[in-house]
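*Asks:* Pasting a structure below so you can have a look.
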Amino acid sequence: MFPNVLEVARALIKERVRAGETVIDATMGNGNDTLFLAQLVQESGRVIAFDIQPLAMEKTKERLVREGVADRVEMRLVSHEEIQSLQERVGAIMFNLGYLPGGDKEITTQAASTIRAIESGLKLLRPGGIMTVMIYWGHSAGQVEKDAVESFCQMLSQMDYLVLKYQYINQQNQAPFLLAVERRGE
Ligand code: SAM
C-alpha cells in the first residue's frame with residue numbers, strides 16, 4: 001500500500017533532519033509529532049513545540065516524560081504565530097492542522113494565524129530544511145484554511161522553495177493531504 005500522508009511527512013523530515021538540530025512542532029496536539037521530532041534530534045537537539053490548549057500540553061508532557069525525552073523539548077502554551085519571535089535556524093517545522101483528537105472540535109487552527117505562522121517559520125528554515133503541513137480540512141474552518149494555505153504556498157518563489165503536494169485523489173470526505181516546503185540552497 002502507498003504510505004499515508006503522515007508517514008510521507010515523517011519520511012521527508014527524517015531524510016533531512018540531523019541529530020543536534022533545533023526543530024519546531026507548530027501544533028503539539030497529543031504529542032505524537034513532538035515525540036517523533038524529539039527522538040529524531042536526539043539528546044543534543046531541541047524541539048520547540050506550540051499549542052494553545054492546556055490539555056494538549058498536558059498530554060504531550062506526559063508522553064515525553066514516559067519516553068524519557070522531555071528535557072529536549074520546550075513546550076509553549078501560545079499560538080504558533082509566536083514563531084515570529086524566534087531567531088535560530090531550524091531543520092524542520094511540522095504543522096498538523098485541525099482540532100485536537102479527543103478534545104474540543106470547535107477549537108481548531110485558523111487560516112489567518114496559520115498563514116502568519118507558516119510565513120514566520122519559512123524564514124527560520126536552514127537551506128535544505130523542510131516544513132510539512134498536514135491539512136485536515138473536514139472541520140468547520142477547514143475549507144477556508146485549506147484554500148488559504150494552498151494559495152500561500154503556491155505563491156512561494158521557486159528560486160527559494162520547492163513545494164510538494166501529496167494527496168490521494170480518489171478519496172471521499174475531504175481526505176487530508178500534505179504540503180511539504182523545502183528551502184533551497186543546499
Ligand atoms: N500534531 C498533533 C499530534 O501529533 O498529536 C496533532 C495536532 S491537532 C490535529 C491540531 C492542534 O493544533 C490542536 O491541539 C489545537 O489545539 C492546535 N492549535 C489550534 N490553533 C493553534 C494555534 N494558533 N497555535 C498552536 N496550536 C494551535
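Values in this text are rule-based calculations from the coordinates and carry no lab data. As the structure is a prediction and not an experimental result, all values here were calculated from the model. Heads up, the Cβs are rebuilt from the backbone with ideal geometry, glycines too, and the neighbour counts pull from every protein chain shown.
*Asks:* Counting Lys +1, Arg +1, Asp -1, Glu -1, what net charge surrounds residue 116 among other residues with beta carbon under 13 Å of its beta carbon? Don't jump to the answer; show the numbers that get you there.
*Replies:* Working: positive: 123; negative: 81, 82, 119, 145.
Here the count lands on -3.
*Asks:* Under 11 Å from the 7 Å Cα→Cβ point of residue 74, by amide nitrogen: which residues of segment 89-125?
*Replies:* Answer for segment 89-125: 89.
*Asks:* Pull out a ≥ b ≥ c, the square roots of the eigenvalues of the alpha-carbon gyration tensor of segment 29-186, then state rounded if a/c is under 1.5, prolate if not and a/b is larger than b/c, and oblate in the remaining case. Don't skip to the answer; put the middle values down first.
*Replies:* Working: a/c = 1.67, a/b = 1.12, b/c = 1.50.
Cα axes put segment 29-186 in the oblate bin.
*Asks:* Report, for the chain, the % of DSSP beta bridges that are antiparallel, rounded to 5. Before the final figure, lay out the partial values.
*Replies:* Details: 13 of 30 bridges.
For the chain, the DSSP antiparallel bridge percentage is about 45.
*Asks:* Among the GluC sites (Glu not before Pro) in segment 55-159, which ones are in a DSSP loop with at most 15 other Cβ atoms within 10 Å of the Cβ? Mind listing them? Intermediate values should be presented prior to the final figure.
*Replies:* Details: sites: 58, 62, 67, 74, 81, 82, 88, 106, 119, 145, 150; in loops: 88, 106.
Here the sparse-neighbourhood loop sites are 88, 106.
*Asks:* With each run of n ≥ 4 DSSP H residues scored as -39500 (n - 2.57), what mean residue ellipticity at 222 nm is computed for the chain after dividing by its residue count and rounding to the nearest 500 deg cm²/dmol? Can you show the working numbers first?
*Replies:* Working: 5 runs with 63 residues, N = 186.
Result for the chain, helices only: -10500 deg cm²/dmol.
*Asks:* Shape of segment 1-89 from its Cα gyration tensor (a ≥ b ≥ c, root eigenvalues): rounded if a/c is under 1.5, otherwise prolate when a/b > b/c, or oblate?
*Replies:* Numbers: a/c = 1.34, a/b = 1.22, b/c = 1.09.
Taking the square roots of the gyration eigenvalues as a ≥ b ≥ c, segment 1-89 is rounded.
*Asks:* Subtract the Cα-Cα distance of residue 42 and residue 84 from 0.36 nm times their separation in residues, and report this length gain in nm to one decimal. Numbers along the way, then the final one.
*Replies:* On the way: separation 42, 0.36 × 42 = 15.12 nm, distance 2.50 nm.
Extending this stretch completely gives an extra 12.6 nm.
*Asks:* So, one more: Post the alpha-carbon centroid distance, segment 114-186 to segment 1-49, in whole angstrom.
*Replies:* Each part's Cα centre sits 16 Å from the other's.
*Asks:* Just in segment 61-170: which trypsin sites (Lys or Arg not before Pro) are loop by DSSP and have at most 15 other Cβ atoms within 10 Å?
*Replies:* Values: sites: 61, 63, 66, 72, 76, 89, 105, 116, 123, 146, 165; in loops: 89, 105.
Here the trypsin sites (Lys or Arg not before Pro) that fit, given the DSSP loop and packing criteria, are 89, 105.
*Asks:* Residue-wise, which Karplus ³J(HN,Hα) couplings in Hz belong to segment 36-45, taking 6.51 cos²θ - 1.76 cosθ + 1.60, θ = phi - 60°, and x for glycine or proline?
*Replies:* 4, 5, 4, 5, 5, 7, 6, 5, 7, x
*Asks:* Residue separation times 0.36 nm, minus the C-alpha to C-alpha distance between residue 2 and residue 162: what's the value?
*Replies:* Values: separation 160, 0.36 × 160 = 57.60 nm, distance 2.23 nm.
The residue 2-residue 162 span can extend by a further 55.4 nm.
*Asks:* How much net charge surrounds residue 20 when only the other residues with a Cβ under 11 Å from the Cβ of residue 20 are counted, with Lys and Arg +1 and Asp and Glu -1? Before the final figure, lay out the partial values.
*Replies:* Values: positive: 18, 46, 72; negative: 21, 43.
For residues surrounding residue 20, the net value is +1.
*Asks:* Out of 154, 138, 44, whose Cα points farthest toward the positive end of the dipole of the chain (charges: +1 Lys, Arg; -1 Asp, Glu; placed on Cβ)?
*Replies:* Selected residue: 44.
*Asks:* Find how much the distance from residue 171 to residue 58 grows on full extension, using 0.36 nm per residue of separation minus their present alpha carbon separation; answer in nm with one decimal.
*Replies:* Numbers: separation 113, 0.36 × 113 = 40.68 nm, distance 3.39 nm.
The residue 171-residue 58 span can extend by a further 37.3 nm.
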